[in-house]
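Bear in mind that the values in this text are calculations on the coordinates, not laboratory data. Keep in mind that this is a model prediction, so the values were computed, not measured. So basically every Cβ, Gly included, is an ideal-geometry build from the backbone, and we count neighbours across all protein chains shown.
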Amino acid sequence: MEGQEGQEKPKETVATVQTTAAAPVATQTTVVPAQPPETAKPAGKPRITYDDFAKLDLRVAKILDAAKVEGSDKLLKLKIRVGTEERQLVAGIAQHYAPDAIIGKKIIIIANLEPRKIRGFESNGMLLAAAKEEDGKLVGLCLATVDDAEFPDGSALS
């Protein structure tokens, strides 16, 4: 790729097609762009290194309480427990989950994310969820959960 040391730019392939009619031979040359290599980047966000991934502290957290954030139709304020620690998360899941429907669920969170103020509330972590989009709009959301009782809140993921 261009701009990356040690990697060659893909070469273009030239295809030549000869056609004949009853008279003279005509030659047509078409330049066909090279196909990306098999190891091309997947669609979405740029790849990260293993070392970057290893910095994430993924943990099981139990939702103790949930409430809508006043003035927002997208946000829920969650009280969670990660092992012996209780925290607050603010998550944009209100259009997909009712507060009382998620109390007691064990979710997967990024536990070592820097705190951030969202609508005046401090959010200490981020929950993981799968998103389904159609025409660029979010139409479905599924929380990443752990349903096995053998994995208590605070358990690390690896």
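So here's what we get for this one:
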{"item": "Loop-located GluC sites (Glu not before Pro) in segment 73-158, at most 16 other Cβ atoms within 10 Å (DSSP)", "result": "150"}
{"item": "Projected area, mean over directions - segment 52-143, Cα convex hull, nm²", "result": "6.5"}
